[in-house]
Amino acid sequence: MWPCHRDFLSQYTHHHLVAFLLTFFSYVLLHSSRKTFSNVKISISAQWTPSILNSTLPPYSPGETWEENCLFSDSQEATLFLGALDTIFLFSYAVGLYISGVIGDRLNLRYVLSFGLCGSAVVEFVFGTVTEWMAFYNVYFYCGLWVLNGLLQSAVWPCVVTVMGNWFGKSGRGFVFGLWSACASVGNILGAFLASSVLKYGYEYVFLVTSAVQFAGGVVVFFGLLSSPKEVGLRIDSETGLLPVERDSDSHRPLMSDEEEEEEEEEEERVCDAPPTPIGFLQAFCLPGVIPYSLAYACLKLVNYSFFFWLPFYLSSNFGWPEAQADRLSIWYDVGGIIGGTVQGLISDVLGKRAPVIALSLLMAMGALVGYSHSPNDQVVNAALLATTGFFIGGPSNMISSAISADLGRQDALQGSQEALATVTGIVDGTGSLGAAAGQYLVSLIESKLNWMCVFYFFVLMTGGSVVFIIPLLVGELRSMCRSRTLQTHQL
Amino acid sequence: MCNGTVVNGSAVWDFCTSSAGQIDGRCCLQTDNTSGAVHITGLDVSYCNLIVVEDLSEASTALMIDLSFNPISNLSDLVFEGFSQLFYVILPSNLTCPGGNASWEKTEVKGEVRVCEGQINACNQTGHISWDCPQNSLCSPYGPGFFACSCVESFHGYKCLREGEFPIVEVFGILGGSTILVSLVLWVTQRRKAKAM
């Protein structure tokens, strides 16, 4: 179960490392572009509105510098529109995920991934840089571009998870994926850094740099990615996951006769001759475990993304801390998520079961959320509570979206005869994104009608809902754990 | 706007000859030594039977304008917005100085004309209204009673939000070079042995 340190590392070649890094940085670039958009919102809304003065004073002159742009009459309207853009993006991203997952299982993963990265980069360039250089500000144009961006970006996640699933077999998957799913948080940090260093030249240059780097990433992926070990002749058996293990078992066998060797070779050829067929969308939907995990992920991603989008705003409006400090503090949530994903992935690898680890973590998360909502007005304590909450929420979230999707897409029910990984990942993340999109609207509604405490209770409720959806899987896995333990004691 | 030429012996005439300008119709022109551009430095539209004066923006660089002896009933202050160099205005006596008396050092009525002399920098006014310019901009005079907020050194663009020039060549040079390098290295080590799938 727990592979020896030497064996664990010896199964990985430099190809594994490159596949890990390329997929990691693809998603880093994608997430950093989303984060830069969040961070330049204030500059963009300043660009779209005229200067605001007391009504008694005359407007500033010259008009070209101060009054000319009146896409929105004041910053409140501009902020509302920017929030609407976020929701539009998440909805089209969710819809795109369902489609892209299906496409990824049918077409060459490398082409789809590069196309998604480069296409999204071009759209972002037009959205932020071209419109500013041409001084063309139009609400419908922005909305249309952002829908297109959501659809193109949705191609990336199912492809990167599938490539990782192709390269990294079942053993050690929890730990590797846990480490790998830090890509979203690293992307956030990179995006924040990019935005803060380039923003002074003008927000259009932030979009320029982000989209250029993303486009470069797409080019590098196109030339450097091996989407599966089959492309270089390596084989990964999904159950054992290790070629060296097979070699060991070979060496323990007595010298084989010629007949046995021939039989083995024929078998191998037969398996290789029949390439796996891509699974249908409805079939993938009905695979065991997909629906409960999708619904659980919808609740969880709602909480996760609401923290991502609203935390700086909550910190500055509730405690009065300046925006730069609130931005820096919100990084602790990401850090907690990275550690949580890795540690919990490791634990679930050791146990061999994922649902118990997730359920326990989510129960602790409910407590952490309540604790955080009562956080005192002290930055250190707040950061610690934030990291703890991130650990308990981000951990399961990262696991479900990556390792568990890989598990579901490579499960025994498919018997290696169907390509389902991208489709399943698309379904899980698509449902999650729908939940996140709904959450954007609900959080702002609850906060304006009630207060922040009610928002936190809403989060606790959603986390509880997550646990409820996982209960059938939890019961099943606990039962099989008990059964295997009684079997072992009987054998002894 | 009006036919004829600058009236001989008028204030504009005196000003023009003393400042070595050229008389061209009703305007006094001066060539800028450094840029070679031609500006209007004086405008004389007296005795023109003008009833309404709406747009004098072509003469916004004028130092002296004469509107006297015209049957103008009222003159909007906005006509003189942007006339930052204006220091001498002659108007029919029924009109008030643009920007009010507070915008001029000396105003007096001489018979049928009103003379406004010496535009006061609106930015220095400490009266009941103070002109505060937003961040990254400074106040500069923009005509009698007007002020403009122009961007501070190195700031530019809408609302003076942008600072400095983006080093586009360096950034794209580095990015392009490293992309090509990394792609090449990865293609050689990874994809060169890839079989068609």
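The table below gives the values:
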read-out	value
Filtered residues of segment B:145-197 (kept if touching a strand residue (DSSP E or B) at 6+ places or on another chain (Cβ under 7 Å) and of a type in the set (S, T, N, Q))	B:S150, B:S154
Qualifying positions in segment A:113-153 - among the hydroxyl-bearing types (S, T, Y) and more than 26 Å from A:L22 (Cα to Cα)	A:T129, A:T131, A:Y137, A:Y140, A:Y142
Identity of the residue in segment A:189-204, touching a residue at least 60 places away in the same chain (Cβ under 8 Å) and surrounded by fewer than 22 Cβ atoms within 10 Å (Cβ to Cβ), that ends up nearest to the other protein chains (Cβ to nearest Cβ)	A:L199
When residues of segment A:205-228 are limited to those that are in contact (Cβ under 8 Å) with a residue 24 or more places away in the chain and more than 22 Å from the chain's Cα centre (by Cα), the one farthest from the other protein chains (Cβ to nearest Cβ)	A:V206
Some residue of segment B:14-25 being surrounded by 16 or more Cβ atoms within 10 Å (Cβ to Cβ) and either without any contact (Cβ under 8 Å) to a residue 24 or more places away in the chain or in contact with a helix residue (DSSP H, G or I) (Cβ under 9 Å, 6 or more places away or on another chain) (or both)	yes
Tally, over segment A:138-173, of residues that are under 19 Å from A:E124 (Cβ atoms), of a type in the set (A, V, I, L, M, F, W, C) and assigned to a helix (DSSP H, G or I)	13
Residue in segment A:326-340 that is out of contact with any Lys or Arg (no Cβ under 7 Å at 6 or more places or on another chain) and free of Cβ contacts under 8 Å to residues at least 40 places away in the same chain present	yes
Residue within segment A:431-440 that is under 21 Å from A:A326 (Cα atoms), at pLDDT 90 or above and buried (at least 19 other Cβ atoms within 10 Å of the Cβ) present	no
Complete set of residues in segment A:12-49 that are closer than 16 Å to A:T129 by Cβ, touching a Ser or Thr at 6+ places or on another chain (Cβ under 6 Å) and not β-branched (V, I, T)	A:S33
Any strands (runs of 3 or more DSSP E) falling wholly within segment B:90-197 and containing at least 2 residues that are under 30 Å from A:T13 (Cβ atoms), within 14 Å of chain A (Cβ to nearest Cβ) and touching a Ser or Thr at 6+ places or on another chain (Cβ under 7 Å)	none
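For (1) among the aliphatic types (A, V, I, L, M); (2) over 15 Å from A:I470 (Cβ atoms); (3) surrounded by fewer than 20 Cβ atoms within 10 Å (Cβ to Cβ), each residue gets a yes or a no:
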{"site": "A:Y293", "(1), (2), (3)": "no, no, no"}
{"site": "A:A296", "(1), (2), (3)": "yes, no, no"}
{"site": "A:K301", "(1), (2), (3)": "no, no, no"}
{"site": "A:P312", "(1), (2), (3)": "no, yes, no"}
{"site": "A:L315", "(1), (2), (3)": "yes, yes, no"}
{"site": "A:F319", "(1), (2), (3)": "no, yes, yes"}
{"site": "A:P322", "(1), (2), (3)": "no, yes, yes"}
{"site": "A:I338", "(1), (2), (3)": "yes, yes, no"}
{"site": "A:L346", "(1), (2), (3)": "yes, yes, yes"}
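Residue-wise test of (1) at pLDDT 80 or above; (2) within 18 Å of the chain's Cα centre (by Cα).
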site	(1), (2)
A:A46	yes, no
A:P50	yes, no
A:E64	no, no
A:E67	no, no
A:F81	yes, no
A:A84	yes, no
A:F89	yes, yes
A:G96	yes, yes
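The values are calculated or read from the model by the stated rules, or taken from the named source; none is laboratory data. Quick caveat: nothing in here was measured; it's all calculated off a predicted structure. Positions of Cβ are generated from backbone atoms using ideal geometry, with glycine treated the same way; all protein chains shown enter the neighbour counts.
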